[in-house]
Structures are given as C-alpha cells and as structure tokens.
Amino acid sequence: MPELPEVETIVRGLAPRLQGQQIVQARYWPSRVFRGEFPPELAGAVVWQVSRYGKFIVARCDRGFLGIHLGMTGKLLFDAAPQKHTRAFWEFSEFRLVLEDIRQFGRVLWGEQLPEPIASLGPDPLEVPREEFVQRARRYRTSVKGLLLNQQFLRGLGNIYADELLFRARLHPERRTEELSPAAWERVWTEMRHLLLEAIALGGSSISDYVNTAGRKGSFQREHRVYAREGEPCVVCGSPIQKTVLLQRGTHYCPRCQRL
DNA sequence: AGTATGACCTGATGGC
DNA sequence: TGCCATCAGGTCATAC
C-alpha cells in the first residue's frame with residue numbers, strides 16, 4: 001500500500017511518540033509477515049529513533065533495529081483492539097502500537113545491525129544528489145518505469161508515484177533507460193523531488209484504505225494526474241488517459257504527452 | 001549481473 | 001442473491 005510519502009507521514013506520526021520510550025512487551029501472531037527469524041520479545045528495549053528507509057519504517061533501539069514494511073495493506077495504529085488481521089503489537093507504558101495487515105505482504109524484521117534487505121537498498125529519492133542520480137540511472141538497461149520501481153536503484157518509489165513522475169517528466173513508461181540523455185534524467189530528478197515533497201505535504205495518497213497512525217487519510221490522491229484516471233482527460237492536453245499493464249502493474253499515462 | 005515472470009495473500013467490485 | 005473473474009500503494013524466488 002504505502003509508498004515513500006505515506007511511509008514518511010507515518011514515521012512523522014510515530015517518531016515523537018516512540019522516541020525515548022521503552023517497550024514493555026511485544027506480541028506476535030503467526031503469519032507470513034514474519035519470514036525467517038521471529039523478532040525477539042523486546043521487553044525492556046528502548047526506542048532511540050524512528051526513521052524511514054524507502055518504504056521501511058525503522059526503529060533504532062538500544063539493542064538493535066526493528067524494521068517494518070507495510071506491504072500493500074499494512075497499517076500501524078495506536079491503541080487499536082486486536083482483531084482478525086492483527087499481526088503484532090508493541091506495548092509501551094502509555095499506549096500500544098498495533099500492526100494490522102490483511103494480505104500479509106508486509107514484513108517485520110529484527111537485527112543487531114540494520115537488517116537486510118534494508119541495508120542494501122538504493123539511495124533515498126529526496127537525499128540523492130542530482131549527479132549521483134544521473135550516474136546511477138545510466139547503469140541500467142530497462143524500461144524507465146521498471147527502473148523507478150527498482151528499490152536497489154532508488155528506495156521508496158512505488159506504482160502511483162512512478163506513474164505520476166513519468167507524466168510530469170513527459171516520459172512514456174516503456175521508454176528504454178539507455179536512450180535517455182543526462183538532461184532527461186536531470187528533469188526526472190527535479191520532478192521527482194517536487195512530486196514527493198508535494199505528496200508529503202498533503203499526507204500522502206489514500207486510494208482505498210491507507211491511513212496514518214492517527215487513522216486519517218491523506219489527500220494527495222486529489223492531485224493525481226494519471227493514476228486511476230483512465231479515460232479522463234489529461235490535465236495538460238485533454239487526451240483520454242490510457243491504462244495498460246507493464247511489469248504486471250497497472251500503468252497510467254497520457255498517450256499524447258508521453259510518447260514512445 | 002540485470003531483467004522479466006509467476007507466486008504469495010485477502011477482500012472489494014463488477015459482470016452475468 | 002450468488003458465483004466467478006479481475007484487480008489492488010509490494011516484493012521475492014526463479015528462470016533466462
């Protein structure tokens with residue numbers, strides 16, 4: 001579900017409440033969310049810092065790193081009563097943080113060091129310098145949308161923001177990366193920053209069920225120019241927005257503004 | 001090594 | 001009303 005702006009919004013809700021607080025106890029229900037090693041009990045651990053690594057939420061504790069990925073349907077809520085799809089909770093002295101995840105595409109990780117695959121993700125889209133972004137982009141030979149979705153290239157973009165970014169940069173999603181000039185990549189870098197900063201300012205996009213830790217929806221979905229706008233007029237030229245499937249993901253674009 | 005393709009889950013929606 | 005197919009903010013393992 002959540003991409004960079006949604007995870008950033010969640011982290012901003014979590015950080016002030018968790019930082020400096022001690023975990024009294026944790027509870028995990030068996031599910032696919034815990035692949036491999038089960039996270040330790042964590043009773044007594046103190047959270048020092050909560051931050052975002054791409055789409056991962058990372059709590060740095062006195063004894064290690066707790067990483068949470070929300071997959072497609074994950075939610076972190078304060079003080080929710082456990083129900084059918086509750087996968088875990090962490091109890092603090094004043095509140096309880098509850099992880100719900102219907103489809104179980106989310107993940108909970110633990111490590112004394114920053115665990116994989118978090119540690120080997122690409123740079124953050126809002127931190128990567130322009131020159132480094134261009135250099136990295138030119139190493140790949142794939143479709144430009146495929147590259148934007150590749151978390152080793154850049155961490156945090158997903159299907160919505162890839163489509164929205166390609167519209168703003170006027171690039172067809174299937175354009176080959178090796179054909180793009182450095183100037184074109186610089187345009188992508190600039191548009192990417194604007195897009196993500198605007199989306200964060202509006203609390204991210206809520207398509208069906210995304211909510212922040214306060215249970216509130218974001219409003220950036222109202223600003224979408226192509227995503228989920230199939231058949232509606234392009235905001236620039238009026239042509240109907242098209243939807244196709246690329247890399248098994250719904251892909252939205254303007255056939256006139258984004259030519260191959 | 002980089003890239004493309006099913007597989008993994010559950011629930012909502014729409015057509016018949 | 002019910003059944004079935006399709007679709008969904010994401011990876012991940014496998015095969016070329």
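Along the Cα→Cβ direction, 7 angstrom out, place labels at A:Gln152 and A:Ser120. What is the inter-label distance in nm?
0.7 nm
Which value in Å is the Kirkwood Rh of chain A over different Cα pairs?
Averaging 1/r across every pair of different Cα atoms and inverting gives 19.2 Å.
How far apart, in nm, are the 7 Å Cα→Cβ label points at A:Glu91 and A:Glu178?
That separation, rounded to one decimal, is 5.8 nm.
Towards the positive end of the charge dipole of chain A, with charges on Cβ (+1 Lys, Arg; -1 Asp, Glu), say which of A:Trp29, A:Tyr253, A:Leu70 has the farthest Cα.
Of A:Trp29, A:Tyr253, A:Leu70, it is A:Tyr253.
Place the peptides A:16-24, A:249-257 in order of packing, highest mean first, counting for every residue the other Cβ atoms within 10 Å and averaging per peptide.
Descending mean neighbour count gives A:249-257, A:16-24.
So how far apart, in nm, are the two label points at A:Ser31 and A:Ser239 if each is 7 Å from Cα heading toward Cβ?
4.3 nm
On full extension of the chain, what length is gained from A:Gln248 through A:Gln113, given 0.36 nm per residue of separation minus the C-alpha to C-alpha distance?
45.2 nm
Counting Lys +1, Arg +1, Asp -1, Glu -1, what net charge surrounds A:Arg249 among other residues with beta carbon under 11 Å of its beta carbon?
+1
Tell me, how many Å apart are the Cα centres for the range A:1-49 and for the range A:155-232?
26 Å
If you add up the charges near A:Ile10, with Lys and Arg at +1 and Asp and Glu at -1, over every other residue whose beta carbon is less than 12 angstrom from its beta carbon, what do you get?
My count for the surroundings of A:Ile10 gives +3.
Running Debye on the range A:186-252 with equal point scatterers at the Cα sites and no solvent, what base-10 log of I(q)/I(0) appears at q = 0.18, 0.27, 0.29 Å⁻¹?
-0.86, -1.14, -1.13
Given the Cα-Cα distance of A:Phe78 and A:Arg138 and 0.36 nm per residue of separation, how much length would full extension add, in nm?
Going from the current span to full extension adds 17.3 nm.
Note down, for the range A:130-253, the three equivalent ellipsoid semi-axes (square root of 5 times each alpha carbon gyration tensor eigenvalue), biggest first, whole angstrom.
Ellipsoid semi-axes (Å, largest first): 24, 18, 13.
Every number here is computed from the coordinates shown, using simple stated rules; none is lab data. Computed from a predicted structure; not experimentally measured. When we count neighbours, we look across all protein chains shown, and the Cβ atoms used for this are built from the backbone with ideal geometry, even at glycine.
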